[in-house]
Amino acid sequence: MIARSWDGVTAAAQADAYADYVRRTGVTDLAATDGNRGVYLLRRREGDRARFLLALEPHVEHFEVVAASGTRGTAGEVASLAEELRVLAHGDAWHGPALDELLAGVSAEVAGARPIPGGHTLFELVLHVTGWNDVWRRRLEGEVVDEPEEGDFPAPPEASAQAWADAKDRLLKGHERLVARVAALSDADLDALVAGRDYTVRFLVRGAIRHTVYHSGQIGLLRKLAA
């Protein structure tokens, strides 16, 4: 097995943006390459610089891997699932706009509106997805959890600008925590049963992806109706 290493430098202020770009492009492409055993994206800050991209090293270094333990979070299938889940909130999602794009510019008034009689509001959908993302993560951590602590579709607070901003922040941060938990798995973990359930970790992760895609479509529809 061969390990390849690239090195570069970018401004520290651009480190997060560049990391996001690399996840959406290089990491995805490399993880999908036949025979790939995993991808690491490493970063080190040095003053106002982060070792990423402003200046590229002239050569790619190759190393022969002479010993390896059960590396977690970088195996092919896990990396692909984690990346697919990640871009649903931040990135070029396959189904359409990601959550951050769908929610950008949506006012608290629009979020609290109910344009479809008997249907859910956009605010309710955001709380629903947030709650279930927390359940998925906790189940992956070994907890036996039935449903979100606040309920399946909790009643939102008064749709003030601050309450709506807080709800969006909790959604996106909770999604990131779920992605991080999935990325920490190994491929072998995917075949294990979820604690207290009769389905596998793989089934749960794929279900979490489908759940987010489904409700993203609803959020997009409500946004269009409000417009």
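Total residues in the stretch 90-123 satisfying the condition of being closer than 10 Å to Leu222 by Cβ and of a type outside the set (A, V, I, L, M, F, W, C): the figure is 5. With the structure loaded, tell me whether Ser186 is among the hydroxyl-bearing types (Ser, Thr, Tyr), under 16 Å from Val106 (Cα atoms) and modelled with pLDDT under 95 or whether it fails that test. It is false that Ser186 is among the hydroxyl-bearing types (Ser, Thr, Tyr), under 16 Å from Val106 (Cα atoms) and modelled with pLDDT under 95. Selection within the stretch 96-119: residues that are surrounded by 18 or more Cβ atoms within 10 Å (Cβ to Cβ) and of a type outside the set (Gly, Ala, Ser). The member of this set that is farthest from the chain's Cα centre (by Cα) is Val110. As a summary of the residue check, Glu83 satisfies the conditions (1) under 22 Å from Lys173 (Cα atoms); (2) acidic (Asp, Glu); (3) at pLDDT 90 or above; (4) exposed (fewer than 14 other Cβ atoms within 10 Å of the Cβ) except for the one numbered (4).
Under the condition of being under 14 Å from Trp136 (Cβ atoms) and assigned to a helix (DSSP H, G or I), the residues counted in the stretch 191-203 number 3. The residue pairs whose first member lies in the stretch 144-157 and is charged (D, E, K, R), whose second member is outside any loop (DSSP other than H, G, I, E, B), and whose beta carbons are closer than 7 Å, counting only pairs six or more residues apart or on different chains, are Glu147/Val135; Glu150/Gly131; Asp152/His128. Could you grab me the full set of residues in the stretch 117-132 that are in a helix (DSSP H, G or I) and in contact (Cβ under 8 Å) with a residue 40 or more places away in the chain? Residues satisfying the conditions are Leu122, Phe123, Leu125, Val126, Leu127, His128, Val129, Thr130, Trp132.
The values are calculated or read from the model by the stated rules, or taken from the named source; none is laboratory data. What you see is a predicted model; the values in this text were computed from it and never measured. For neighbour counting, all protein chains shown are included, and Cβ atoms are generated from backbone atoms with ideal geometry for every residue, glycine included.
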